[in-house]
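A short worksheet on the structure shown next.
Every number in this text was worked out from the coordinates using simple rules, so none of it is lab data. Model, not experiment: these values are computed from the prediction. With ideal geometry, Cβ positions are generated from the backbone for all residues, glycine too; neighbour counts draw on all protein chains shown.
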Amino acid sequence: MIEGGQAWLPPPMLAADLAAGSKRKETVRGQAAVLLSDHDRDRFEDMLRGLTAERAAIAEAMVFALENADAAADVVDVLAEALTLPETAPATKLARLFLASDILHNSTAPVRNASRYRARLEAVLPEIFVSFNATYKVAGSRMVQEALKRSVLRLLRVWRERFIFNDDYINGLQATMLGHVPTLEAAEEEELLLQQNAAAATAANPGDPAAAAAADEDVKPARSRWEAMEAEEEEEEQRRQQQQQQQQQQQQRQLMPERAQLRGLNPDLAA
């Protein structure tokens with residue numbers, strides 16, 4: 001600098017640069033909680049707003065979550081809020097749930113603070129599934145309902161198979177998603193009761209075909225629920241049998257080297 005010359009002033013930083021450069025901290029219950037900067041929060045909300053089920057879009061948002069794992073609580077709060085908005089379209093809601101699932105799967109990644117995501121998501125998922133149940137009930141068509149239910153149940157099955165959560169927790173999420181789910185025995189009793197009522201209505205109006213048709217229509221919903229539940233139980237039994245077969249095959253493959261060693265030591269032990 002030149003003596004007597006004008007003082008040098010640094011150029012002003014843009015507000016976005018200031019926001020992006022540092023995260024905010026707030027004191028929660030006596031502890032400093034790291035929050036997303038305003039810039040990062042806006043960026044994440046934009047991602048969620050335009051999120052689709054495409055792998056690249058979900059991967060980008062998932063990477064953002066891992067890069068901001070020190071603000072995991074704030075990231076999950078933003079995601080949970082987006083997942084519980086009642087006006088969200090089912091496809092967008094499902095894409096956001098897929099993102100939550102990807103974050104869960106990567107919560108064991110060797111990234112600092114990534115493990116925080118599992119506990120945070122576990123705390124908010126029940127409320128999220130309540131919202132999914134509401135979306136399921138008001139879906140515009142039966143086809144949309146079935147697609148939504150099928151996708152969510154498939155996701156829960158993956159969580160179960162990969163031991164993301166215990167069975168009781170996943171069963172609770174599934175029951176929340178489907179609402180009140182009666183047992184197969186209860187569905188059979190409901191169908192029998194409706195059949196008895198239909199028979200009584202037909203007997204009371206023997207010459208009225210409209211009454212008989214109306215009574216039969218009352219029985220159909222119970223019958224369809226019973227058939228659907230029976231089919232689901234059969235599918236579940238088939239999956240259990242397949243898992244048992246796979247476990248047996250794996251055990252046999254593990255025993256093969258031991259049997260080979262026995263044959264080399266003593267041919268009489270080969271059997």
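Phi angles across the stretch 140-151 convert, under the Karplus curve 6.51 cos²θ - 1.76 cosθ + 1.60 with θ = phi - 60°, into 3J(HN,Hα) values of x, 8, 5, 5, 5, 4, 5, 5, 5, 4, 4, 5 Hz, Gly and Pro given as x. Residues whose amide H falls under 5 Å from that of Ala33, counting only those 5 or more places apart or on a different chain, are Glu26, Thr27, Val28, with hydrogens built in the peptide plane.
Prolate is the label for the stretch 77-142. Its Cα gyration tensor axes, ordered a ≥ b ≥ c, give a/c of at least 1.5 and a/b above b/c. Electrostatic tally near Ala134: other residues with Cβ closer than 14 Å to its Cβ, Lys and Arg +1, Asp and Glu -1, net +1.
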